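Encoded as structure tokens, the structure appears first; notes follow it.
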Amino acid sequence: MDTIPVMKPWLDDAEAKAAAEAVSSGWIAQGPRVAEFESAFAAHIGASQGVALSSCTTALQLALHLLGIGPGDEVVVPSFSFIATANCVVHVGGTPVFADVEPQDGNVSVRTVEPTLTGRTRAVVVVDQGGVPADVEPLRRLCESRGIHLVEDAACAAGSQYRGAPVGASGLLAAWSFHPRKLLTTGEGGMLTTSDEQVADRARRLREHGMNISAATRHQNRQPVIESYLEVGFNFRMTDIQAAVGLVQLAKLEEMVQRRRSLAAGYQAMLADVPGLRTVQDPAWGESNFQSFWVELDHDFPLTRNEMLTVLAADGVSARAGIMAAHRQPAYRGHGHGDLSTTERLTDNTLILPLFHAMTEAEQAVVVGVIHRAAGLRAA
Ligand SMILES: *Cc1c(COP(=O)(O)O)cnc(C)c1O
């Protein structure tokens, strides 16, 4: 039997055709399709501006750069996240300060962020981990009261809902990823969304070397245009080939979310009675797109997390260890931090189960069956 993958992007002929059309058009670098993709994506999540970029990592770096964060500044981030969340602070010369997360949803909260704030804190990066929306509003009030910026790392959360609106609609600077590990993919790619037009204009300039006029506009002009470079920028551009794929994917996003939520509900129901196992759930304030469907094993479960991963792999199920903890990586060795006990518990005891758009009920039953047997339950 084939291995059941942990994730598989939902791509078909429509994306292939869109990419081929971009190639045939002769314009493959950032151009009209990027502009179309960024306005369509921003409209979808309810922000007024979208700035397409090369990745979520560069989107986060650009967000902190736009906020003027640099050497001597502290930025609070969860350690319980993909390492790029912490790295982007280092990329602008700032110091990441690790906050712990809530056991229920794996996200930072006022309770976990407040003890990490100092006179040097300039920003907090809140992550919607695995697609579970963080409770952003109380954090925003905390940050506003202290003159601290709040940035949302929504890498995983396209299609998730927060208090009845799409995640990222709040007008904060939000960063998105289109890596194939997320729902909507362009191969590699990212986006920065905001409701501040001036911030978006500057972000568009900075992604293109600080040029006052975009290369696409310059090429369309009949008259020669001499560009100037207003500030030191970056090359963080997305290509039109990626944007063409992104436009097709965006039209499928709602269906992807529905399918994932239905498969997630299946896992939640079928694993509800497994002793010592807890499944990720929607929080009270929103709905997850279940980009990562994780389960936590405790002492009542007969196997450790790593033993469970080994058993799943032997039965052809490609699961993954849960979300990493950046503070444990060699890259952050010696980097001081406060209490991260929940982070350590979750990163040690969680695993991510297969969940992808084309997953069948039969495949899901295989995954559940392996877990039931490991837990000593009779096969259903
Ligand atoms: C995937 C991910 C990133 C990085 O996204 P890229 O587009 O690969 O740079 C950043 N933060 C979180 C929380 C992620 O899950």
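When peptides 74-85, 331-342 are ranked by their average number of other Cβ atoms within 10 Å per residue, the highest-first order is 74-85, 331-342.
Remark on GLY31: its backbone amide H falls under 5 Å from those of ASP240, a criterion applied only to residues 5 or more positions apart or on other chains, H modelled at 1.01 Å from N. If you take the charge dipole of the chain about its Cα centre, with +1 on Lys and Arg Cβ and -1 on Asp and Glu Cβ, which of GLY106, SER24, GLN161 is farthest toward its positive end? Working it through, the farthest residue towards the positive pole turns out to be SER24.
Taking packing as the residue-averaged number of other Cβ atoms within 10 angstrom, the listed peptides 37-50, 167-180 run from highest to lowest as 167-180, 37-50. Taking amide H positions as modeled 1.01 Å from N, with prolines and chain starts lacking one, the residues under 5 Å from VAL124 and 5 or more places away or on another chain are VAL76, HIS149, LEU150, VAL151. Spin-label pair THR310-ALA365: with each label point 7 Å from Cα along the Cα-Cβ axis, the two points sit 3.0 nm from one another. Under the classification rounded if a/c is under 1.5, otherwise prolate if a/b is larger than b/c and oblate if not, where does the chain fall, given a ≥ b ≥ c as square roots of the Cα gyration tensor eigenvalues? Since a/c reaches 1.5 but b/c is at least a/b, the shape of the chain is classed as oblate. Projecting the Cα positions of GLN198, ALA269, ALA362 onto the charge dipole of the chain (unit charges on Cβ atoms of Lys, Arg, Asp and Glu, taken about the Cα centre) puts GLN198 furthest along the positive direction. Taking the 1.4 Å solvent-accessible surface of the chain as the whole, the part contributed by carbon and sulfur is 52%.
Rounded, prolate or oblate: which one fits segment 222-380, using the alpha carbon gyration tensor with axes a ≥ b ≥ c (rounded when a/c is under 1.5, else prolate when a/b beats b/c, else oblate)? Oblate, because a/c is 1.5 or more while a/b does not exceed b/c.
The DSSP beta bridges internal to the chain are antiparallel in roughly 60% of cases. Principal axis analysis of the Cα atoms in segment 81-239 yields extents of 59, 36, 27 Å, listed in decreasing size.
A simple charge model with +1 on the Cβ of Lys and Arg, -1 on the Cβ of Asp and Glu and nothing else charged puts the dipole of the chain at about 540 debye relative to its Cα centre.
Helix 305-314 and the longest principal axis of the Cα set of the chain meet at an angle near 90°. Run the simple label-point estimate for GLN268 and ALA284 please: 7 Å along Cα→C-beta, distance reported in nm. Placing both labels 7 Å along Cα→Cβ, they lie 1.6 nm apart.
Using the Cβ-Cβ distance between SER24 and ARG222 with R0 set to 35 Å, the FRET efficiency from 1/(1 + (r/R0)^6) comes to roughly 0.90.
Taking the dipole about the Cα centre of the chain, with the C-beta of Lys and Arg at +1 and of Asp and Glu at -1, give me whichever of ASN289, PHE178, LEU346 is farthest to the positive side. Farthest towards the positive end: PHE178.
When a/c is below 1.5 the answer is rounded, else prolate if a/b is larger than b/c, else oblate, so apply that to segment 1-110 with a ≥ b ≥ c taken from the square roots of the Cα gyration tensor eigenvalues. Cα axes put segment 1-110 in the oblate bin. Proximity of backbone amide H atoms, modeled 1.01 Å from N, is registered between GLY286 and ARG163 at under 5 Å, excluding neighbours fewer than 5 places apart on the same chain.
The C-alpha radius of gyration of segment 129-217, expressed as a fraction of 2.2 N^0.38 Å, stands at 1.22.
Per-residue Karplus couplings for segment 222-231, computed as 6.51 cos²θ - 1.76 cosθ + 1.60 with θ equal to phi - 60°, are listed in order as 6, 8, x, 10, 9, 7, 10, 10, 7, 7 Hz, Gly and Pro entered as x.
The values are calculated or read from the model by the stated rules, or taken from the named source; none is laboratory data. Small disclaimer: the values here were computed from a predicted structure and weren't measured. Note: ideal-geometry Cβ built from the backbone for every residue, glycine included; neighbour counts use all protein chains shown. Only protein heavy atoms, including side chains, enter the accessible area calculation; ligands, DNA and RNA are left aside. Shrake-Rupley method; radii C 1.70, N 1.55, O 1.52, S 1.80 Å.
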